[in-house]
1. Just to be sure before I move on: is B:T124 assigned to a helix (DSSP H, G or I), crowded, with 17+ Cβ neighbours inside 10 Å and more than 14 Å from chain A (Cβ to nearest Cβ) in the structure I sent?
2. Only one of (1) under 16 Å from the mean Cα position of the chain (by Cα); (2) among the hydrophobic types (A, V, I, L, M, F, W, C); (3) surrounded by fewer than 18 Cβ atoms within 10 Å (Cβ to Cβ) fails for A:V236. Which number is that?
3. Being in contact with a helix residue (DSSP H, G or I) (Cβ under 6 Å, 6 or more places away or on another chain) and buried (at least 19 other Cβ atoms within 10 Å of the Cβ) is true for just one of B:L221, B:L233. Which residue is that?
4. In the set B:F231, B:F214, B:F163, B:F194, which member is in a helix (DSSP H, G or I) and either away from chain A (no Cβ under 14 Å) or over 23 Å from the mean Cα position of the chain (by Cα) (or both)?
5. Of all residues in the range A:217-269, which are hydroxyl-bearing (S, T, Y) and closer than 17 Å to A:V123 by Cβ?
6. Please enumerate the residues belonging to the range A:266-280 that are more than 8 Å from every other protein chain (Cβ to nearest Cβ), touching a residue at least 24 places away in the same chain (Cβ under 8 Å) and either buried (at least 24 other Cβ atoms within 10 Å of the Cβ) or touching a helix residue (DSSP H, G or I) at 6+ places or on another chain (Cβ under 7 Å) (or both).
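The values are calculated or read from the model by the stated rules, or taken from the named source; none is laboratory data. Just so you know, these numbers come straight off a predicted model, no measurement behind them. Positions of Cβ are backbone-derived with ideal geometry, glycine not excepted, and every protein chain shown enters the neighbour counts.
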Amino acid sequence: MSVMGNTTPPPMAEGKLSRREWLLSDRPASRTQAKLGRAYVSWRRFAENRLALIGLIIILALVLVAIFADLLAPYSPTIGDLANARLLAPAWDHWLGTDDQGRDILSRLIYGSRLTLYVVVLVAVIAAPIGLLVGTVSGYAGGWVDAVLMRITDIFLAFPKLVLALALVAALGPGIENAVIAIAITSWPPYARIARAETMQVRNSDYISAVRLMGASPIRIVLRHIMPLCMSSLIVRVTLDMAGIILTAAGLGFLGLGAQPPLPEWGAMIASGRRFILDQWWVAAAPGVAILLVSLGFNLLGDGLRDALDPRSAGQ
Amino acid sequence: MSVASDTQPAPRGRRARSLVKSLLSFLVVVVVTYLGLLAVTFFIGRVIPVDPVLAIVGDRAPANVVERTREELGFNEPLTTQFVIYVQKALSGDFGRSVLTTNPVMTDIKRVFPATIELATLGTILGAVLGIPLGVLAAVRRGGWLDQIVRIIGLVGYSVPIFWLGLLALLVFYARLQWVGGPGRIDVVYEYTFTPITGFYLLDAIIQRDWSAFNNILSHLALPSLLLGYFSLAYISRMTRSFMLNELSQEYIVAARAKGLSERRIVWRHALRNAAVPLVTVIALSYAGLLEGSVLTETVFAWPGLGLYITNSLQNADMNAVLGGTIVIGSVFIAINLLSDLLYRLLDPRTRAR
């Protein structure tokens, strides 16, 4: 990452540095200054991209809604008013109407954000480390270890993700945890590929040889010196994959294999609204808009992160 | 090593040997990948369930039936022997019987698969025919309004749940506007007059010159194939744009301009032809993706294809049918993946030297 040199403006005034100049200095005095400076440059490039900012705002909103669901939701997400409030059209009382159980759809969407976030975070936490470990070990070790690990990765990469997730959930039984496991098992291979490519690039560099000469064990080299370098491209890829994860989870929910009723999972909500699509279309429409918005947010954010952190592929 | 063979042509013997070698390694990849697929489905079907026999015969089956099935299916053997038997059976197309339809799973799949192929093929054709020109134009006028549109199409295509879009499309174009046929492949009226021959209904109607059935089939196909076409379009146009941007920045384009070739010729003849090689891979991958995406689309449109077969079997805990369908879709998926890889190597002279 030698982006610092290109973007640093010539020093304007001698003497006291402004905060911006301190950040952009091409002779950082400390490690912290260099780190902050690099973060600042990345942030500047990210913030120039208006669409990426919109994506960031959408995702921040999702997180806030999920945290404060109890305060934001006007009604209970699971207990509805069966007597008086079945399948109401959107109105002042119920902004997005009610479903067939008399439950407020807006409240269900608000609580559903927790499930969406739960799935996304859990899949990322399971799949990314697996991919990182397989990729870095394979890239650093080389030889037969590399051949075997990459063969396994290729096998998983060649599988149809959704169908495999379906079969897995069919065997494990429906439920949100099993959906997470199924999605995670099918989504780590691209991360392994990326981590391996990054590892191959740095593994013969001088600083790795230096660390090796100082007596660092392979485990330490991989953990402390190679993995951190793979992080930025991995984060970009994981963010870009989030939309796909959300869509797969919603698809499983739609087929009745994800979160089980009465959990307000967005895909399952579309499935239950399907029966009333002809007359009460808002029951199925509203959760779809929520899924679309959040996936869009992750896609925009991922695109922006890629352009900011990886200038090589910018604009493609 | 590749540099040397680039500059001076290798002797014929060595080239033939390297071709044989790469073909052999390709074969190894094919075999290993298929074995991997079978191992995973074996694992899903036999190892994860507490008692796979109960999963097949159902938990209300009498004890002697359970015991007999266990014996017949070889479940008393060690796992490795079971796996060998499993692979042998799968290779001969024997996935067991479906509990739901009582047919052998393979017979069922043969019956439903043409519907899925028909839909995915039409979707891919739509996506490629519209997506490639769109992507090329977006790359030529980078930053222009068409480029923005392609960007939006791509973003929405990557973000929208396909089943939801399908439901809304059914609501608007079938229920409200009545422009197209509804769920299913053909109206009930035709059930008795129309006889499927190949299973590809459009072809069947043409063979029988049954034009009223043809129109009806087309109106049923319109929505799901346009929907799949849209997703294919989103992917293909985005990739075309990025390949074309890459080609247009190459030096041979500058040379062609200096030679005085027309811009149109440069873009459509020179740049696109070079971008075409990776595009073949992209189209193949998008086709494979549509085959897989059929699971959700077919559920929404009640399209009697493999996807609907799998989901119906899922809901009835019909594990043989689910795994059989998974193996078939997985096999086609892998085959397309590997074939596109092979095609890429054959079409692109740069990869041949290696």
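1. Working: assigned to a helix (DSSP H, G or I): yes; crowded, with 17+ Cβ neighbours inside 10 Å: yes; more than 14 Å from chain A (Cβ to nearest Cβ): yes.
Spelling it out, B:T124 is indeed assigned to a helix (DSSP H, G or I), crowded, with 17+ Cβ neighbours inside 10 Å and more than 14 Å from chain A (Cβ to nearest Cβ).
2. Here A:V236 clears every test but (3).
3. B:L233
4. B:F214
5. Listed by number, the residues that qualify are A:T239, A:T248.
6. The answer is A:W266, A:M269, A:G273, A:F276.
Residues are listed down the side, and each one gets a yes or a no for (1) surrounded by fewer than 18 Cβ atoms within 10 Å (Cβ to Cβ); (2) in contact (Cβ under 8 Å) with a residue 24 or more places away in the chain:
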{"position": "A:V123", "(1), (2)": "no, yes"}
{"position": "A:I126", "(1), (2)": "yes, yes"}
{"position": "A:V134", "(1), (2)": "no, yes"}
{"position": "A:W144", "(1), (2)": "yes, no"}
{"position": "A:V163", "(1), (2)": "no, no"}
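Residues are listed down the side, and each one gets a yes or a no for (1) at pLDDT below 80; (2) among the small types (G, A, S); (3) surrounded by fewer than 19 Cβ atoms within 10 Å (Cβ to Cβ):
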residue: B:E71; (1), (2), (3): yes, no, yes
residue: B:G74; (1), (2), (3): yes, yes, yes
residue: B:T101; (1), (2), (3): no, no, yes
residue: B:A128; (1), (2), (3): no, yes, no
